[in-house]
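Participant: Input: one structure, supplied below.
Nothing in this text is a laboratory measurement; each read-out follows from the coordinates by a stated rule. Source: prediction; values computed, not measured. Ideal geometry is used to build each Cβ from the backbone, glycine not excepted, and the neighbour counts take in all protein chains shown.
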Amino acid sequence: MAPQPTRMRYNDPTVTLYGQVYTDFFFGRPNYGASPSTDAIEHAIILALDEPICVEGDGQRYDGNYESIAEDYIDRVQIATRDVDALPQLRGHGVKLKGRLWHAHTGHHHTGVLMSVEDVPTVIDDRNAFPDKYLVSSGSGFLLGDGGLIGTAAHIIEDVDYVSVTRGLYRQRASVVAIDPSVDLAILKIEPRGPIADVIRIREKKVRPTRSWMPPRLGERVYAFGFPLRADLPHSLNMTEGRISSEVGIERHQFQISAAIQPGNSGGPVFDEYGNLIGVAVSSLEPAQTLNFCVQGWHFESFCCKFGVRLAGNELCETKLQPTILAEAALHFCVEVEGWSDCTAS
């Protein structure tokens, strides 16, 4: 049974929320109403919540009046703060925020509920998971559907001393269940406790089936997900689209795609048009943008079976998915994988 969202009330000055800060880009008017004829890029500050909440009571309207409004399920809120430069600098980090909740009454807002923040945010994320260690590698991964297991690429964690998994709404140390450098695949395990364990279970239900019944076909449309260029980009999921450009790769168990793969994409999932996991991104040849290689889905399933890992949701999907629907699901089960060492990378 899924956990019930925590109940909160509008206009309560003691509300405390935990989550990850990120910024979205919208065409809007930052000084709403001041210059109706001028549109500009707006950086809305969003807090993605560790746990969903429901909010009830009187939500303040934009004209100062009140009306009774209930929101049964909120998993992110837009932040309003006088210190507009502080929170964007924390994007990709987990924070603790205290403030008041208000209802969003206009299209200018980007979530159903707003939070006005006065206090300085407290950073609580896993950038301190190994406080005396050094981050030496990073890549992508994805939940396998049961028991906190995660698939990724072996080369991300091959020569590291510690591993962590991050996806904004949860930050966990991870252990290595299986690794095979010869095929560049690995399986990790996290053991979340408390409320976050319920969050993980809910997200594991979003996992898509693995396509093992049919090999990749030349010309098929595919979608790759991951967290590329961590040093330069915010910690938000990246999606690229392309075609299967060759049914074989550098190795027999690989295939080639034209969907862009940059450093940091390794270990991320690749899906067909039906939302089936068709492969795992592992490498690309520079500087060619279209020479990107993935381990085939059937081989990934074989690798999992070899180590006693059962993949969940392995049913045939025959209905094409809109890319936005697939992306929404991927937001739940894709993760960042981080390798740490006792010394800096040479």
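Participant: Let me check against my output: what whole-number percent is the relative contact order of region 250-309, with C-alpha pairs under 8 Å and at least 6 apart?
Facilitator: Details: 92 pairs, mean separation 21.4, N = 60.
After rounding, I find 36 percent.
Participant: Let me ask something else. Given 0.36 nm per residue, what is the gain on full extension from TYR134 to LYS96 after removing their alpha carbon distance, in nm?
Facilitator: On the way: separation 38, 0.36 × 38 = 13.68 nm, distance 2.44 nm.
Contour length minus Cα-Cα distance gives 11.2 nm.
Participant: Here's a follow-up. Can you tell me how much longer the chain between THR6 and ARG173 gets when fully stretched, taken as 0.36 nm per residue apart minus their C-alpha distance, in nm with one decimal?
Facilitator: 57.5 nm
Participant: Under a plain spin-label model, where a point goes 7 Å from the Cα along Cα-to-Cβ, how far apart in nm are GLU56 and THR319?
Facilitator: According to this spin-label approximation, the distance is 3.3 nm.
Participant: Okay, moving on. Determine the gain in length on full extension of the stretch VAL123-SER246; use 0.36 nm per residue of separation and subtract their C-alpha separation, reporting nm with one decimal.
Facilitator: Length difference between fully extended and current span is 39.8 nm.
Participant: Each label point is 7 Å from the Cα along the Cα-to-Cβ direction; what then is the distance between the points at SER236 and ALA260, in nm?
Facilitator: It works out to 1.5 nm between the two label points.
Participant: May I pose another question? Exceeding 32 Å between C-alpha atoms, which entries from my cross-link table qualify? They are LYS96/LYS133; LYS98/LYS320; LYS96/LYS306.
Facilitator: From LYS96/LYS133; LYS98/LYS320; LYS96/LYS306, over 32 Å: LYS98/LYS320; LYS96/LYS306.
Participant: Given labels modelled 7 Å from the Cα in the Cβ direction, how far is it in nm from ARG310 to THR14?
Facilitator: Using points 7 Å along Cα→Cβ, the separation is 4.6 nm.
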